[in-house]
1. Of all beta bridges DSSP finds with both residues in the chain, what is the antiparallel percent, to the nearest 5?
2. When only C-alpha pairs under 8 Å and at least 6 residues apart count, what is the relative contact order of the range 143-272, in percent?
3. In the range 67-199, what percentage of the DSSP-assigned beta bridges are antiparallel, given to the nearest 5?
4. By per-residue mean of other Cβ atoms within 10 Å, what is the highest-first order of 7-16, 306-315?
5. Per residue of the chain, what 222 nm ellipticity follows from adding -39500 (n - 2.57) for every DSSP H run with n ≥ 4, rounded to the nearest 500?
6. When a footprinting reagent is the concern and you count Cβ atoms within 10 Å, what order do 389, 176, 270 take, fewest first?
7. Can you tell me what percent of all Cα-Cα pairs in the chain are more than 43 Å apart?
8. Which shape class, rounded, prolate or oblate, goes with the range 362-473 when its Cα gyration tensor gives a ≥ b ≥ c as root eigenvalues, a/c under 1.5 marks rounded, and past that a/b bigger than b/c marks prolate?
Ligand code: HXC
């Protein structure tokens, strides 16, 4: 073969490889409202920056007709690229060949890409669109998944891992996204479940469709598996790009500083009026968060799940902060099983990736009742204590209003190692709420009064007495559990200064004997 014809052949092979499963399959992909793997990669990465790896990998299975069908790249596009000028590893499954199903070589490509991410210290972005383990490749497919899960675990806490679900993600395949740090799901075209509708019907007689079983709405609001939901592929990619702007590339780096132009010493007078006069009236914690952070910088994570807690990222004087808050507008901001999991997970992510934690507290306690107790609120609530205690990044806490009992301790208190705790004058730091406390400590006096109206009046008097004695920030401040009591309008200014003073903090904690790892309540 002449050199000319060899070059011609290579060009032809390239063109063939770019088509994945072929033109018809690409059209079918588009008709489903989905982009192809290559189109997604093109949208994600900076123009001309994609360094593709393993474009000419092919499967080697021969059984079940696999000797007759193959595609260059084996249904996955992998490589290194720049995203907004920063390097990342990109993995995009190609549904156009055998439904993006995962066999031995497909998996080997993914593992190789993840190894690049680990050795280079760059994030992994994995765009999922696959029918799961390639049935024809049997146990080799399962081995492939095992290898990927293992790499997900090895990469955990080393480089950020972001999964997008842009089509099917079924069976054991769900466990790679589940082991990653963030999951973005695309409306209508994506779903995630362990067992699909047909198996569900056969096994337990339940009739349910794919979207009801594991669509984005379900995972965003009910299971908490999805961190973000996007309208379509384009929006999903935009979300990934935005999220990356808050994150360091690996656990040895600090998050990027982005100049926002919002002066750190800006007063926020609107904050003075956020907390209502009535201590039991709800208000919207988003107003507090947005009043403190650099304008427009808040990116919420898991916005629809466990809405009594708010988690996300923001910027304060351009520095990334991890935001954790109670939401008095929803279930009074109580800590329950789901909100505890949500907070603990976010705190652990931020601690792994050197991101200071900013906590806004208004919490009446842990959720009472048999549903929560039987569901394991003790174990789940313990995760919050564990996560905050273990976190060695700068921890800044604002006690806005209620900070009662165990939940006060859990929500970034001084006692779990917070570096800087401020309280608003509206803060109520106490063992329990005034109503409950008064009923207990003045029980005898109350029982002695037989007339119900008289008793209610007396209770009101005791509640007031308790509130004025205990439900304020000054006792905690007098012990140094609160570093300062500040006006709401000054919160942004004070926190920005505190962050400037504290952002270099590393590993300042009590000495602990060497151990393999701690035992997080699971
Ligand atoms: C081999 C597969 C496949 C698979 C899909 N295909 N899934 N081939 N192994 N797992 C092929 C189809 O045969 C078809 O090939 C092409 O991909 C497109 O699939 P369609 O069914 O035509 O597309 P659609 O109607 O959109 O349905 C997509 C789908 C469905 C929902 C993904 O194909 C499906 O239910 N597949 C099986 C999903 C599943 O149960 N996976 C779990 C496997 S077990 P042709 O030749 O027509 O182009 C597993 C365990 C992993 O993953 C354990 C790890 C620990």
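What follows is calculated from the coordinates using simple rules that are stated; it is not laboratory data. Fair warning: this is a prediction, and the values are worked out from it, not measured in the lab. Reconstructed Cβ throughout: ideal geometry from the backbone, glycine too, with neighbour counts over all protein chains shown.
1. On the way: 22 of 63 bridges.
Roughly 35 percent of the DSSP beta bridges within the chain come out antiparallel.
2. The value is 22 percent.
3. Of all bridge pairs located within the range 67-199, approximately 30 percent are antiparallel.
4. The most tightly packed comes first, giving 306-315, 7-16.
5. -11500 deg cm²/dmol
6. Ascending number of Cβ neighbours within 10 Å: 270, 389, 176.
7. Considering the chain, 27 percent of its Cα-Cα pairs are separated by more than 43 Å.
8. Oblate shape, in that a/c is at least 1.5 and b/c is the bigger or equal ratio.
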